[in-house]
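This report refers to the structure that appears directly beneath it.
The values are calculated or read from the model by the stated rules, or taken from the named source; none is laboratory data. Quantities reported herein were computed from a predicted structural model and do not represent experimental measurements. FYI the Cβ positions are ideal-geometry reconstructions off the backbone, even for glycines, and counts take in every protein chain you see. Remember, those area values only see protein heavy atoms, side chains included, never the ligands or the DNA or RNA. Shrake-Rupley method; radii C 1.70, N 1.55, O 1.52, S 1.80 Å.
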Amino acid sequence: MALWGGRFLKKQNSFFKKFNNSLKIDFILVKEDIFGSIAWSKILLDSKIITEDEQKKLETSLNIIYSEIKNTPKKILLSNSEDIHSWVEQKLIYMLGDVGKKLHTGRSRNDQIATDLRLWCKKEIHKLKKSIINFQKSLITLSEKYFSIIIPGYTHLQRAQPIIFSHWCLAYFEMIQRDFDRLKDCLQRIDISPLGSGALAGTGWKIDRKKLANFMNFSKESNNSLDSVSDRDYVVELLSIASIGMMHLSRFSEDLIFFNSGECNFIELSDKVTSGSSLMPQKKNPDSLELIRGKTGRVYGSLINILVLLKGLPLSYNKDMQEDKEGLFDSLETWRMCLKMSKIVLLGLKLNKNICKKSAESGYSNATDLADYLVRKGISFRESHDISGKIVLHAINNNKSLSELSLLDYQSFCVLIENDIYKYIVLKNCLNQKNSKGGTAPEKVLSEIQKNKKIIFNNINLMN
Ligand code: ARG
């Protein structure tokens, strides 16, 4: 039996029925639908719309329904119910008869789906935060394990200045901490109960919506019934947070794919997260990272989908909104899987210390330090930049590194250059010099590692 039908004379076209049904997607919300329904039964009792005995029967049966499909939710798909709300109610009516028919008093599927989805998002945010923390832990582990390794830092994919590998790790730590904070911030707007808004205008039954919100562990109830059933801002927000998060993971993947390439050879990925070629026996491909980079596109797609879906919709509920879930479910799961994959990749990653160092030393990545040296000798930076450029060109033409040029060579460009230049442009010194806040000097990075460990600890506390 459908939840409606009295005013219809003809049966639904069978193709339309399939087209209209959302069970194949919203069965995911079964737990939330049942949880919200139990809360609704309690508020019906509180408002004396049903008796204590009826409420008990409803709650017990709803719990039984949940325990029956808890481990096998896909069984729900064997039914031809229109959606998860109909499925739960039909089960209830089958078990309780007329008492089951009382549950939907004062409620609409419009406020029901808005409630289910918000409950589901809250749960999902919790899982995502956990995954972020796990990824952060692996970044810290790696930054400690390979603390002393120097790699070239790049701009324009040209070797620019040397950095320590841990500094690279902590850059990603910063990015995903922002993702964590965004989720935390967004949760405040999600944690609001729309239940009791009815179809759009509110409910005529005397219902304590604050109490109802409390039953479901929402921090408060919504203000405007029209907005409550129309609002999908939180879907847009979550998808935009997921898109930013995936963009971070995609850049992370691209960096590692580059570091892993035959051209760089800075790192070696574990056999466990790579695959071979069916034709070329020597190949070991970074599929795990390429897939993370690739999956980013579908998350962006879902964000654009929801934005376009909502843009022309009049208030309040429109069936278009049924299309809000597939992309959301898929995207948050994708983001979570990619966080997990990233963590696994990091834990098996090995660095080729000598190749990294050699590469950091070549490519004239200490040229800025040479310019800084000249500034310390009293030359203006613009001039020292020009002199250093000429020295680099001279070194390139003679196929030498800056450390290999003779003092005479140096002095032919600037008489102020002395023997101490060699100490100044040595890799270690270039790093140590970058000791202002946020710089790659090892002492600074070390204290950032300690600070970030506290942030992880804080994040864990925020979860409880
Ligand atoms: N399946 C619908 C959705 O996902 C639930 C709300 C249906 N409301 C209605 N009036 N048909 O959006």
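Odds and ends about this structure:
- Listed here are the helices (runs of 4 or more DSSP H) enclosed by region 379-464 that have at least 2 residues being hydrophobic (A, V, I, L, M, F, W, C) and surrounded by fewer than 16 Cβ atoms within 10 Å (Cβ to Cβ): 381-397, 407-413, 442-463.
- Meets criteria (within 35 Å of the chain's Cα centre (by Cα) and hydrophobic (A, V, I, L, M, F, W, C)) for Ile43: no
- Condition check for Val415 on (1) out of contact with any helix residue (DSSP H, G or I) (no Cβ under 9 Å at 6 or more places or on another chain); (2) among the β-branched types (Val, Ile, Thr); (3) modelled with pLDDT under 95: one failure, at (3).
- Remark: pairs (first residue in region 78-91, among the polar types (S, T, N, Q) and within 12 Å of the ligand (Cβ to nearest atom); second residue modelled with pLDDT under 95 and not in a helix (DSSP H, G or I); Cβ separation under 9 Å; 6+ apart in sequence or on different chains) = Ser81/Ala2; Ser86/Met1; Ser86/Ala2; Ser86/Leu3.
- Residue in region 137-145 that is within 16 Å of the ligand (Cβ to nearest atom), open to solvent by less than 10 Å² (accessible area, probe 1.4 Å) and of a type in the set (S, T, N, Q) present: no
- Picking from residues in region 230-248 that are among the small types (Gly, Ala, Ser) and over 13 Å from Leu313 (Cβ atoms), the one that is most open to solvent (accessible area, probe 1.4 Å) is Ser240.
- Residues that are closer than 30 Å to Gln450 by Cα and open to solvent by less than 80 Å² (accessible area, probe 1.4 Å) were ranked within region 185-229; the one that is farthest from the ligand (Cβ to nearest atom) is Asp185.
- In region 110-128, the residues that are in contact (Cβ under 8 Å) with a residue 24 or more places away in the chain and open to solvent by 10 Å² or more (accessible area, probe 1.4 Å) reach residues that are of a type in the set (Ser, Thr, Tyr) and away from the ligand (no atom under 16 Å from the Cβ) with C-beta atoms within less than 8 angstrom, at least six apart or across chains, in these pairs: Arg118/Ser193.
- Restricting region 338-352 to residues that are touching a helix residue (DSSP H, G or I) at 6+ places or on another chain (Cβ under 8 Å) and open to solvent by 50 Å² or more (accessible area, probe 1.4 Å) leaves a set whose member that is nearest to the ligand (Cβ to nearest atom) is Lys340.
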